[in-house]
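First comes the structure, then the notes that go with it.
What follows draws every value from the coordinates through simple rules; no lab data is involved. This one's a predicted model, so the numbers in the text were calculated from it and none came from an experiment. Cβ placement follows ideal geometry from the backbone for every residue including glycine, while neighbour counts extend to all protein chains displayed.
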Amino acid sequence: MTAPTDRQAVTPELEAAAERAASRRGVLIALPSWAYLSLFFAIPLVIVLVYSFATRSSTGLTQLRDWNLDSYARLWDPLVGEIALRSLLLAIATTAICLAVSYPFAYYIATRGPTARNILLVLVMIPFWSNFLVRTYAWRVLLGTDGPLSQLTQALGGEPIRLLFTNTAVLIGLVYGYLPFMVLPLYAALERMDWRLVEAARDLYADGWTAFRKVTWPLSRPGVIAGSILVFIPTLGAYVTPAILGGARTTLLGDYIVSQFLAARNQPFGSALSIAVMSVMLAATILYFRSGARNL
Amino acid sequence: MSISTGVRPKSPTERLLAANSWLVYAFFYAPILVLIVFSFNDNNNVGIWTEPSLRWYRAMVENDDVLRAIRTSLIVAAVSTVISTVLGTMAALALERFRFRGQRVYDGLVYLPIIIPDVTMAVMLLLFFAQSFRILDGLIGWSPNFGIGTISLSHIAFNISFVAVVVRARLGQLDPRLEEAAADLYANQWQTFRRVTLPLILPGVLGGALLALTLSLDDVVVTSFVAGPGSTTLPVYVFGLVRRGVTPLINAVSTAMLVASMILVGISLVFQRGTASSPRVAEAHPPE
């Protein structure tokens, strides 16, 4: 497993043999999950890639010949650009709002005493573990034109709320759905932090804001990065939330891709879109990790 | 760990932080509470309160489609949780405790399913199953149907990675000296794993299993692509209903699903307590 510490007693040959044996064991332990993920993940990924170069027949069937780049050319269609831009803005807005709300929230929890901290944390865990679909559906009930919120505003002499099926409703639903994914990594980072460093900064005459900017914020960056990725990636490809809270005029990348497979029956174009979204997401993740890692 | 706040008078910053936190809690819980309250409403219209009743819960347990969907969900969740926990734990061990050729590629293969969006995963698996069923039909004349089988296989595919990440985090915290000590005391590889490593990473394994279970019970997108006629899971069935409109029956089903989630939270808390009381290696060996 690990090399013995008493190096004098071990000859190089024995050590090399032991290393080879350990390496073989590692491969054996990796084998089942490697085989599974190759069959049910890597090969499907290759199939999507192959389909994205295929042709759609006039009846909507996919023909695996006449390979071409038509589906990729269609990505530059202004309609696709509009949908992509809307999705991107919505994902950025969701991430930014989640971060702005969660940071002080996680900070508050992390600076309580142990008992209060545990109770407050459990109260975050409950929505985190609760069914996502159900939590999104709750907003459909809440925001309905004759829903509770609307009745409340009308009872107070206001207008009924007409938020459902708008971008705002989708934004609210996304923030609500993914907020716990931001809170938990932020909390983990802040809780792990050595608060004596903040005290040291204060001892060295840093004011509260400077101590936060120069000590707390940099130290909590891993949490900020992890939380942002956990929120940004699923919101960019969101399907459930816009399907429930959004309307016909608020198509996002997620439902656009789905519609290529279920309604429009254009599998090559849907595949090309999937590949494009995935590539952007991977690139964003890698860039974000790199930029963050440098300052850690 | 935390700054002592008890003695000092509350600063304006502190008050703002507290206010923000209570607002966040209200935001978290208000929609859920409204949903639960309205599930006990005796009215065909979701938004208008008439009187309390269990009418919609009765409608739920008498609805064969709902019951069938619950059965499918439970079977898929059980199968995919068990298999992905075993495979994911093995993947975590291989990545954290061994060095071998091709490990970096394998590492990427294990992590990629987490980064890939749901929709892409759904598309991938749909095309994969359709294509391989066509090939199977051509080769041996056997063409399986989409259903519980395809749903379970797909859930395992995305759950392995999540289990691996959780278990790997736990393994990373583990002091390797404990395993070395077992080896020094003539335990073989299997005994070391069975008696030392596994008990210490068990909270991580159970946490990973719980995450897999939750993700399986939650999934809508992938499942709706690989489900067959007559075999959908509960979330996919509810999703279909929601898209057609809001009904009090959905409120009742949703509340039942929330209760199930709460039970899972309770179980996870019991596990965590187990973690806290088990001897923490890091505490036994404070860093110099």
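In sequence order, region A:222-230 has phi-based couplings of x, x, 4, 5, 4, x, 5, 5, 5 Hz under the Karplus curve 6.51 cos²θ - 1.76 cosθ + 1.60, θ = phi - 60°, and Gly or Pro positions carry x.
Electrostatic bookkeeping for A:Tyr137 treats Lys and Arg as +1 and Asp and Glu as -1; over the other residues with beta carbon under 15 Å from its beta carbon, the sum is +3. Ellipsoid fit via the Cα gyration tensor, region A:36-169: semi-axes of 42, 26, 16 Å, each the root of five times an eigenvalue, largest first. For chain A, set up a Gaussian network in which alpha carbons nearer than 10 Å are linked by springs, and say which option among A:Trp34, A:Trp195, A:Trp76 fluctuates the most. With Cα springs under 10 Å in chain A, the top fluctuation among A:Trp34, A:Trp195, A:Trp76 is at A:Trp34.
Tell me the Kirkwood hydrodynamic radius of the protein assembly as shown in angstroms, computed as one over the mean inverse distance between distinct C-alpha pairs. Final number for the Kirkwood radius of the protein assembly as shown is 26.2 Å.
Between A:Ile43 and A:Asn68, residue separation times 0.36 nm minus the direct Cα-Cα distance comes to 6.9 nm. Count Lys and Arg as plus one, Asp and Glu as minus one, and take only other residues whose Cβ is under 14 Å from that of B:Val79; the net charge is then 0.
Quarter the surface of the alpha carbon convex hull of region A:72-294 and you get the mean projected area, 15.9 square nanometres. Within the shell of other residues whose beta carbon sits under 12 angstrom from the beta carbon of B:Pro235, the net charge comes to -1, with Lys and Arg scored +1 and Asp and Glu -1.
When each of the peptides A:38-45, A:211-218, B:218-225 is scored by how many other beta carbons lie within 10 Å of its residues on average, the order from highest to lowest is B:218-225, A:38-45, A:211-218.
Remark on B:Gly147: its backbone amide H falls under 5 Å from those of B:Gly228, a criterion applied only to residues 5 or more positions apart or on other chains, H modelled at 1.01 Å from N. Compared with the alpha-carbon gap, the fully stretched path from B:Arg104 to B:Asn63 is longer by 9.8 nm at 0.36 nm per residue. P(r) tail for chain B: Cα pairs beyond 27 Å make up 58% of the total. The length gained on full extension between A:Glu82 and A:Thr166, counted as 0.36 nm times the residue separation minus their Cα-Cα distance, comes to 28.7 nm.
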